[in-house]
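Input: a single structure, listed below in structure tokens.
The values are calculated or read from the model by the stated rules, or taken from the named source; none is laboratory data. Model, not experiment: these values are computed from the prediction. Because the Cβ atoms are built from the backbone with ideal geometry, glycine has one as well, and the counts that use them run over all protein chains shown. Side chains are part of the model used for accessible areas, which takes the heavy atoms of the whole protein and leaves out ligands, DNA and RNA. Shrake-Rupley method; radii C 1.70, N 1.55, O 1.52, S 1.80 Å.
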Amino acid sequence: MYKGVGVMAENVENINKDEKNNDLLYRASYDELTGVLNKRTFYLKAKEMMINNPDKQFQLLRMNVARFKVINELLGEAEGDKLLQYIGNFLRSVDLPLYEAGRLYSDHFVICFSSDDDTVKHMMYSLRYIASGFNLRHRTTLNFGLYRIDDIELPVSIMCDRANIALVQAKADFYNPYREYDDEMRRKMVLEQKILNVLDRALDEKEFIVYLQPKYDSNGDVLIGAEALVRWIHKEIDIEGEVISKFISPGDFVPVFEKNGLIYDLDKYVWRETCRLMREWLRAGLDVKPISVNVSRVDLYDPGLVDFFVDLIRCYEIPIELLELELTESAYTQDPIQILEVTDKLKDAGFTILMDDFGSGYSSLNMLKDVRVDTLKLDMGFLRSTDRSSRGGNILKAVVGMAKGLNLHVIAEGVETREQVDFLSSIGCHRIQGYFYSKPLTADEYRELLKKK
Ligand code: C2E
Ligand code: CA
Ligand code: CA
């Protein structure tokens, strides 16, 4: 008996030991809160699965909860945890032969699997569905980023990063928060970082150059002015110690600067530089025409903006009608009250205002009754086909007619062909900016166009 008990005790001890080991193993491999794999084990198991199935195509889907912090704050952390468990339960219940699910941190979940696109869609749909039903007091939505694994040699952490690049893009789209990673996305992100790293030096070293794109009146092809467009000629030292110049397109850096609020510094630089050039040409007795400068949406939030412009033209002794301001239409639609206030002040101070990219946004027509602008700037890029019979042509015609009725000027930009010029003439739009007449020019090239009085 004694012995027996001893044997039993020994067995119990072994069982306990096994349980303990299992428990330790479990804790080391699984996420305590949600029961899916923890980060480290997910990396290992996903890699193992891919290596063992080299003939299969794998995907990595990363997801997180939109505004998860708000859920924690509004409904409490316990409720936030419950939501994560809820998602975890779903991920654990998925029955696919080649599939691993894990949680990286907080509300970031990842799954690695091999299946067709329909299954992926179905899975996202189900996840979205269960999330939306989680708490009726708060509409819970999920964002998704997918990386189609094209190189299984990459560390899984990098694969998760790539899916995250797509996820960050997805977040911005409320109605369809799903994106697939592509190399262009990564190129943009790396570029963004590089741009930010070199910005300060670039401003100091005067790497930003103001180009001028002429505007013409198609009645007699007369020069009527220009738009100032910034160019960044970035200088780098290569391995051999040679200085190389790289051209960075405003399409690449302007949005980055806008996002970071740095655009204001750059814009002020461009405005000042434009005034400096005009002063130089006035002094030389040239027949200087108005130049329009771009004013970003973020610039409009500075209460000192109007004074800045007033001081600027005073300082360079520029007649006020020579410095025109382009405000992009989307600024009006995004924060109308703020913008209306600033445009009023700029108008009261005597500035001419152009509404840039007119027709690209949503509520342009409605807005026109409230906003005090002088000129609508239409981008031909937005209205591709402009032959008389097309819808685009008709819209353009109606817009020009309406502008006339409101006593507004109209200028078309992005005009590339003779046909476009002729069509615009036929509907009464004679002011033209675009490659048809000229690309943006250096200040010296533009100066050549200004005749002496
Ligand atoms: P935007 O203000 O709409 O400027 C017009 C853009 O169209 C310019 O591109 C110009 O080079 C281009 N363009 C002109 N004619 C044609 C044409 O016939 N065909 C085509 N396809 N394109 C034409 P760019 O210089 O690359 O500038 C892009 C955008 O960057 C500008 O669009 C503007 O939003 C922004 N940007 C440029 N300079 C500045 C600046 O100094 N400050 C701010 N805030 N934004 C700027
Ligand atoms: Ca513009
Ligand atoms: Ca434009």
Next on the checklist: I'm trying to understand the selection: among the residues of region 418-443, which are within 27 Å of V210 (Cα to Cα) and out of contact with any strand residue (DSSP E or B) (no Cβ under 8 Å at 6 or more places or on another chain)?
Outcome noted: Y435, F436
Checklist entry - Name the pairs: first residue in region 312-328 and touching a residue at least 40 places away in the same chain (Cβ under 8 Å), second residue within 16 Å of ligand 2 (Cβ to nearest atom) and open to solvent by 20 Å² or more (accessible area, probe 1.4 Å), Cβ to Cβ under 7 Å, at least 6 apart or on different chains? => result L322/P290; E324/P290; E324/T352; E326/N294
Checklist entry - Could you list, in sequence order, the residues of region 404-437 that are under 16 Å from D217 (Cβ atoms), among the small types (G, A, S) and more than 16 Å from ligand 2 (Cβ to nearest atom)? => result S425, S426, G428
Next on the checklist: Go through region 371-386 and report how many residues are more than 16 Å from ligand 1 (Cβ to nearest atom) and either modelled with pLDDT of 90 or more or open to solvent by less than 30 Å² (accessible area, probe 1.4 Å) (or both).
Outcome noted: 2
Checklist entry - What about R279, is it farther than 15 Å from A349 by Cβ, at pLDDT below 95 and in contact with an Asp or Glu (Cβ under 9 Å, 6 or more places away or on another chain)? => result no
Next on the checklist: So in region 312-335, with the set limited to residues that are charged (D, E, K, R), open to solvent by less than 50 Å² (accessible area, probe 1.4 Å) and within 23 Å of L277 (Cβ to Cβ), which one is farthest from the chain's Cα centre (by Cα)?
Outcome noted: E324
Next on the checklist: With the requirement that a residue be more than 16 Å from ligand 3 (Cβ to nearest atom) and of a type in the set (S, T, Y), what does region 276-328 give you?
Outcome noted: Y301, Y316
Checklist entry - From the set of residues in region 387-421 that are within 16 Å of ligand 3 (Cβ to nearest atom) and modelled with pLDDT under 90, which is nearest to I432 (Cα to Cα)? => result L396
Checklist entry - Looking at region 201-216, which of its residues are over 27 Å from Y435 (Cβ atoms) and charged (D, E, K, R)? => result R201, D204, E205, K206
Next on the checklist: When you check I239 against the structure, is it open to solvent by less than 40 Å² (accessible area, probe 1.4 Å) and part of a loop (DSSP other than H, G, I, E, B), yes or no?
Outcome noted: no
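Residues are listed down the side, and each one gets a yes or a no for (1) at pLDDT below 90; (2) in contact with a strand residue (DSSP E or B) (Cβ under 7 Å, 6 or more places away or on another chain); (3) closer than 21 Å to K47 by Cα:
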| site | (1), (2), (3) |
| --- | --- |
| C160 | no, yes, yes |
| K171 | yes, yes, no |
| Y175 | yes, no, no |
| E180 | no, yes, yes |
| P214 | no, yes, no |
Checklist entry - Which is away from ligand 2 (no atom under 16 Å from the Cβ), of a type in the set (K, R) and open to solvent by less than 50 Å² (accessible area, probe 1.4 Å), of K259, K246, K289? => result K289
Checklist entry - What are the residue pairs meeting all of these: first residue in region 56-79, first residue buried (at least 17 other Cβ atoms within 10 Å of the Cβ) and at pLDDT 90 or above, second residue part of a loop (DSSP other than H, G, I, E, B) and polar (S, T, N, Q), Cβ atoms under 6 Å, and 6 or more apart or on different chains? => result F58/S114; A66/T141
Next on the checklist: Suppose the filter is more than 13 Å from ligand 1 (Cβ to nearest atom), open to solvent by less than 20 Å² (accessible area, probe 1.4 Å) and at positive phi; does G225 pass it?
Outcome noted: yes
